[in-house]
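Here's the structure, in structure tokens; my notes come after.
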């Protein structure tokens, strides 16, 4: 069977005025090298999620690779993307684990993935206008921001366990973002983890006792989800993540479309469905939920190579890494101090993504409905408001999300009735 890519030019160079399109490729040695860059770009963030949540890193890497290959198939090799671990799930996963451990958290991941897949099917049939109407930029930005800022206490707790190592890690993140250009500059989180880890090893703060017994090659640990309808509030706490995933996927489609000078909007439904299906599969096997990765867009922007062939290479490499329990064991040795330093930056960056949505869409904060929508939602999310109803408890993310949607649309409706909107 013929491969779906045609050779771009001589396969060795890219003219400064051109790009390597998704359906094109360079020579295979160069394509394999580009795939390696995408692995490096996704790796730092992808393995952090299982470390933070306690999920098996090898399992997460395996399912991220499988999810990436599924994404490429479903989007017909027209939308380059790597599906790495989603940070939007961290807060609801933590809440679920307190109640029912990892199996309950996995069931929440499956529910979100299934719902996202359904949204993808709807978008494929009806388009994205209804999403824009339900989640205008001020609302979607507030939801994404509060998901990040809600995690601040978790970063604080890890930071406090080893302040010295945490400060070294955080300083490395900041300095690498300032001093480095190109790929290294975009991988400041990864660089921070490496520097912090080395510092922790020198300080004797890393426990390698669990590494030696692990084989180089073998299947990762699989865990089945446990569904419990009695934990409805837990599942409701996962629902706002769907909105964040929609925003991330829509942003990815538009971002790649802008860089390739193509209208990729017709692929939005397929992208959402693919990410949802990938998340369901990961949740069923014990891996972290997936999402499209901005880090890999940065690699494409720097190299001007948008070939999906490179992503096939990256997906296969991730699967191979997932089949090495020893690599997973090494990843699990990262100490709390390193996590505290890197998550101080990382959770802040997640929150700032929401603010970036406001800036890029020129949200007018001189308007009361925008001020109150964002302000109320953020306070509820950051302070982690809790509401108990009939024995069920709802946390700050779900309350902040509901508040953002209700406040904006209620004030908009009243404004239209009064002729002031």
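Any read-out appearing in this document is the output of simple, stated calculations on the displayed coordinates, not a laboratory observation. Owing to the predicted nature of the structure, the values given are computational and were not obtained by experimental measurement. Every residue, glycine as well, gets a Cβ built from its backbone with ideal geometry; the counts of neighbours run over all protein chains shown.
Extension gain for the segment residue 134 to residue 388, taken as residue separation times 0.36 nm less the Cα-Cα distance, is 88.8 nm to one decimal.
One chain, two ends: residue 126 and residue 213. Fully extended at 0.36 nm per residue, the span grows by 26.0 nm beyond their Cα-Cα distance.
The label point for residue 413 and the one for residue 364, both projected 7 Å from the Cα toward the Cβ, are 2.3 nm apart. Taking the three principal axes of the alpha carbon atoms in segment 24-362, the coordinate ranges are 56, 55, 42 Å, sorted in descending order.
Our compactness index for segment 191-257, the C-alpha radius of gyration over the empirical 2.2 N^0.38 Å, is 1.87. The base-10 log of I(q)/I(0) for segment 299-342, evaluated at q = 0.22, 0.28 Å⁻¹, reads -0.80, -0.88 [Debye formula, identical scatterers on Cα atoms, solvent excluded].
The Kirkwood radius of segment 66-198, taken over pairs of alpha-carbon atoms, gives through the Stokes-Einstein law at 20 °C and 1.002 mPa s a diffusion coefficient of 117 µm² s⁻¹.
Beta bridges assigned by DSSP with both partners in the chain are antiparallel in approximately 65 percent of cases.
With both labels modelled 7 Å from their Cα along Cα-to-Cβ, the residue 201 to residue 420 distance reads 6.3 nm.
Out of 140, 64, 176, any idea which swings most in a Gaussian network model of the chain, alpha carbons joined below 10 Å? Most flexible of the set in this elastic network: 176.
When the Gaussian network model of the chain links Cα atoms closer than 10 Å, the mean-square fluctuations of 349, 48, 378 top out at 349. I want to make sure I understand the PRE zone here: with the label point 7 angstrom from the Cα of residue 221 toward its beta carbon, which residues in segment 33-75 have backbone N atoms less than 13 Å away? Within reach of a label on residue 221: 50-60.
Note on segment 132-251: along the principal axes its Cα atoms extend 52, 40, 31 Å, ordered by decreasing extent.
Based on DSSP H segments of at least four residues, each scored -39500 (n - 2.57), the chain has a per-residue ellipticity at 222 nm of -23000 deg cm²/dmol.
Considering only 38, 409, 252, the mean-square fluctuation computed in a Gaussian network model of the chain, springs between alpha carbons under 10 angstrom, is largest for 409.
Extension gain for the segment residue 228 to residue 10, taken as residue separation times 0.36 nm less the Cα-Cα distance, is 72.8 nm to one decimal.
Once the convex hull of all Cα atoms in segment 29-70 is built, its volume per residue stands at 63 Å³.
Calculated on the Cα set of segment 41-116, radius of gyration then Dmax: 13.2, 42 Å. A convex hull fitted to the Cα coordinates of segment 339-411 yields 99 cubic angstrom per residue. The label point for residue 99 and the one for residue 18, both projected 7 Å from the Cα toward the Cβ, are 5.6 nm apart.
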